[in-house]
Amino acid sequence: MLIKKLQRFTENEVTPKELYDNSRALISASRRQFLAQSSTVMLAAGLAPATLWASDELSSFHSNQSVLRSELTPYKYVTTYNNFYEFGTAKSDPAVKAQTLKTKPWHVSIEGEVGKPGVYDLEDILKRQSLEERIYRLRCVEAWSMVVPWVGFSLAAFIKQLEPTSKAKFVEFTTLHDPEQMPGQRGGSLKWPYVEGLRMDEAMNPLSLMATGLYGEQLPNQNGAPLRLVVPWKYGFKSIKSIVKIRFTETMPVTSWNQAASREYGFYANVNPQVSHPRWSQRRERVIGASLFNPKRNTEIFNGYADEVAHLYKGMNLKEFF
Amino acid sequence: MTVFRFSKRQWFVLKLLVFMLCLWPFLSISWDAFNDALGADPIQRLHFVTGDWALRFLLISLTMSPLSQVFKLPLPIRFRRMLGLFSFFYASLHALVWLVLDQSLSLDNMLNELPESPYIILGFIAYLMLWPLALTSNIIAMRALGSKWHSLHRSVYVIAVVGLVHFFWLTKLDISEPLIYAAVLVLLLMFRWPLFKKKLV
C-alpha cells in the first residue's frame, strides 16, 4: 500500500531519484545546461513547484521551496548521516544497524483526548491521506543542517480526521520500544521509549509533516521508517522517528531530550541563532555534504520559516522558552 | 638483563618507522581531504581526528616513562619527545581547523561564538600551555633550564586534564570515548603519585 501510494506520486510529480542524485552537481556545473537537458518532469517539479501542492495555504513559501531544491543534500548523506540513538549514538550506526527494524505491518495507537481513539493499521491511515513532497531544511541542535525532499502528509489534516476534543492542548508522539529490533535501546543513552511532543497549534501548523518517504521513495529505516514527524522550524530531535503512538493530552508531554538534560534541551527547541545551547553557539551551522572550504551557513531564526510560524510564539520570551 | 645497543643506523630506521606511524593519521585525513572523501561533515571529521590524536599522543607520551620503569628498559623513554611533539602537531592542526575552516578566520565569528562555547576556550588554554613544552623540548633548552625543566614539563598533566575536560564538555551524550581517556589518565597519575609526593615533602 505504501509503495503504491509512493509510486503513484512518483509517476506524476516527483523527480526520479537518478535526477535527484545528479541535480546538485549539475546545477553547480551549469544550471542552464542542466535545465535544458532535464526532462519536463524536472522542470515541472523544479520550476513550477505550485503543481506539487493543491492547498493555497502553502503558496507563501513556494519560492523558498524552489530555492531549497538547488540545495538538496545528496541522498547518500541523507541516508548515512543520522541521529537515531535507538540504533547507536554514532552517525553511521543507523544506516548499518536499522535493517533489523520491521516496518510491516505497522500499527499506530491513537490515544487520549480524541474522538476516534484506537489502534490503526498504518496502511489504513495512509488510505485517507494525500501524499505530497516538501523540501525542508533540517537543522540539528549539533549545529549542522541538511536539505531533504520529504514525502508525506499534513499532520493537521490527519489530526482533524481524528477529531481531538477541546481538552487536547498537546500532542505526544512515541517511538517504537523494542530492544530486539532496536539494539541501541539495550543501553541507557536515553530513557526509552523516545517521546516528543508539540503544542496543538504547532501540530496544526501547515508546515508540520508526517513523512513516509524521502527522495520519492519509502523512508529508509535509518530515517525513521515507516512514519516520522518533520517540524522544520525546530531542532531535529523534535522530529521523532518510527512513531507507534500519538496521544492527545491536556498537559505538556515529558519529552526525551528535555528529560535527559532540561537545561540544554527545552520543550520548544525552536531553531534560534540568538539562543545558544548552554555549551555551544547556535549562530552558524555546518552544511552536510558541502565542500571543506565552504564557509558555515548563518543559522536563521525558526530555521528560515519565521513567516509561517513566528506568530505561534508572539509575546513569548524565546530565551526562557527555548 | 640484556642491554639494548643499537647502532646509529638502527636508531635512525627505528625512529623513522615510529615517525611514519605517528604521521599516519595525518596522511590518511590529508588523502581523504584531497580526494573529497571526508564524508558528510568534513569539518567535523577533521576536528575529531586531529583532536583525538592530540589527546592520544599526549597520553601515549605520558606512558613512556612508566613503561621504562616497569620493564627497566631505556627504549620507551627515548621516544617520549617525539610522541609529545606529535601531540603538539595534532593539537596545532586541531586549532587550525577551527580557525581556518570552522571560523573562516573571521574575528567577528570568533568574538560572537567564543563566549557561547566555553569548551573552545578551554581547548585553547590547553593548546597554549603546550607551546612552552614544545619550545623547550630540545637539548639546549633542557640544559639552560636545568632542574626547572622538569617542573615546567610536569604541567603536561594539567594540560591532559584540561584537554579531557574540553572533550567531556563538547560531548552531547555518549561520553564513552572521553571516559576511556580519563581512565588511562587516572592510571598514569596513580603511577606518578609517589613521585609527586616525594617532591612535595
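When region B:40-97 is filtered for residues that are more than 22 Å from A:Ser92 (Cβ to Cβ) and basic (Lys, Arg), the ones remaining, listed by number, are B:Lys72, B:Arg78, B:Arg80, B:Arg81.
Here's the yes/no breakdown for (1) in contact with a Phe, Trp or Tyr (Cβ under 9 Å, 6 or more places away or on another chain); (2) within 23 Å of A:Gly188 (Cα to Cα):
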| site | (1), (2) |
| --- | --- |
| A:Gly216 | yes, no |
| A:Lys234 | yes, no |
| A:Lys241 | yes, yes |
| A:Ile246 | yes, no |
| A:Tyr268 | yes, no |
| A:Asn294 | no, no |
| A:Asn298 | no, no |
| A:His311 | no, no |
| A:Asn317 | no, no |
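Please state which of the following conditions A:Ile301 fails to meet, knowing it meets all the rest: (1) open to solvent by 40 Å² or more (accessible area, probe 1.4 Å); (2) farther than 18 Å from A:Tyr136 by Cα; (3) not polar (S, T, N, Q). Result: A:Ile301 passes all but (2).
All told, A:Gly188 meets the bar of being at pLDDT below 95 and open to solvent by 10 Å² or more (accessible area, probe 1.4 Å).
Within region A:64-101, restricting attention to residues that are of a type in the set (A, V, I, L, M, F, W, C), more than 18 Å from A:Val141 (Cα to Cα) and modelled with pLDDT of 95 or more, the residue that is nearest to the chain's Cα centre (by Cα) is A:Leu72. The set of residues in region A:220-256 being open to solvent by 10 Å² or more (accessible area, probe 1.4 Å) and hydrophobic (A, V, I, L, M, F, W, C) consists of A:Phe237, A:Val244, A:Met252, A:Val254.
Of the candidates A:Leu176, A:Leu138, A:Leu126, the single residue that is within 21 Å of the chain's Cα centre (by Cα), open to solvent by 10 Å² or more (accessible area, probe 1.4 Å) and more than 30 Å from A:Pro273 (Cβ to Cβ) is A:Leu176. In the set (1) touching a residue at least 12 places away in the same chain (Cβ under 8 Å); (2) within 14 Å of chain B (Cβ to nearest Cβ); (3) among the hydrophobic types (A, V, I, L, M, F, W, C); (4) out of contact with any Ser or Thr (no Cβ under 7 Å at 6 or more places or on another chain), A:Ile301 fails one condition alone, (2).
Listed here are the strands (runs of 3 or more DSSP E) enclosed by region A:118-198 that have at least 3 residues being among the charged types (D, E, K, R): A:132-140. Taking the residues in region B:104-127 that are under 15 Å from B:Thr50 (Cβ atoms) and open to solvent by less than 30 Å² (accessible area, probe 1.4 Å) as candidates, determine which candidate is nearest to the other protein chains (Cβ to nearest Cβ). The selected residue is B:Ile120.
Do the conditions hold for B:Phe48, that is, is it closer than 30 Å to A:Tyr75 by Cα, open to solvent by 70 Å² or more (accessible area, probe 1.4 Å), without any contact (Cβ under 8 Å) to a residue 12 or more places away in the chain and out of contact with any helix residue (DSSP H, G or I) (no Cβ under 7 Å at 6 or more places or on another chain)? Judged against the criteria, B:Phe48 is a match.
Residues of region B:76-87 that are open to solvent by less than 70 Å² (accessible area, probe 1.4 Å) and free of Cβ contacts under 8 Å to residues at least 24 places away in the same chain: B:Pro76, B:Ile77.
Within the set B:Ala144, B:Ala134, B:Ala126, B:Ala160, the sole residue that is in contact with a Gly (Cβ under 7 Å, 6 or more places away or on another chain) and of a type in the set (A, V, I, L, M) turns out to be B:Ala126. Residue by residue through region B:88-103, note down the ones that are in contact (Cβ under 8 Å) with a residue 24 or more places away in the chain and facing chain A (nearest Cβ under 9 Å). Those that are in contact (Cβ under 8 Å) with a residue 24 or more places away in the chain and facing chain A (nearest Cβ under 9 Å): B:Leu101, B:Asp102.
Restricting B:Leu73, B:Leu23 to those that are open to solvent by less than 50 Å² (accessible area, probe 1.4 Å), outside any helix (DSSP H, G or I) and either more than 14 Å from every other protein chain (Cβ to nearest Cβ) or under 21 Å from B:Ala134 (Cβ atoms) (or both) reduces the list to B:Leu73. Of all the residues in region A:268-277, those that are facing chain B (nearest Cβ under 9 Å) and either more than 17 Å from A:Phe237 (Cα to Cα) or open to solvent by 20 Å² or more (accessible area, probe 1.4 Å) (or both) number 1.
When region A:147-173 is filtered for residues that are surrounded by fewer than 15 Cβ atoms within 10 Å (Cβ to Cβ) and among the polar types (S, T, N, Q), the ones remaining, listed by number, are A:Gln161, A:Thr165, A:Ser166. Residue check: is B:Phe124 within 12 Å of the chain's Cα centre (by Cα) and in a helix (DSSP H, G or I)? No, not satisfied. A Cβ distance below 8 Å, combined with a sequence gap of six or more or placement on separate chains, defines the contacts here; from region A:102-113, residues that are modelled with pLDDT under 95 reach residues that are surrounded by 15 or more Cβ atoms within 10 Å (Cβ to Cβ) and part of a loop (DSSP other than H, G, I, E, B) in the pairs A:Lys104/A:Pro226. Restricting attention to region A:69-111, the residues that are farther than 21 Å from A:Gln185 by Cβ, open to solvent by 40 Å² or more (accessible area, probe 1.4 Å), more than 13 Å from chain B (Cβ to nearest Cβ) and charged (D, E, K, R) add up to 2.
The values are calculated or read from the model by the stated rules, or taken from the named source; none is laboratory data. This is a predicted model, so every value here is computed, not measured. Heads up, the Cβs are rebuilt from the backbone with ideal geometry, glycines too, and the neighbour counts pull from every protein chain shown. Just so you know, the surface numbers come from the protein's heavy atoms only, side chains and all, with ligands and any DNA or RNA stripped out. Shrake-Rupley method; radii C 1.70, N 1.55, O 1.52, S 1.80 Å.
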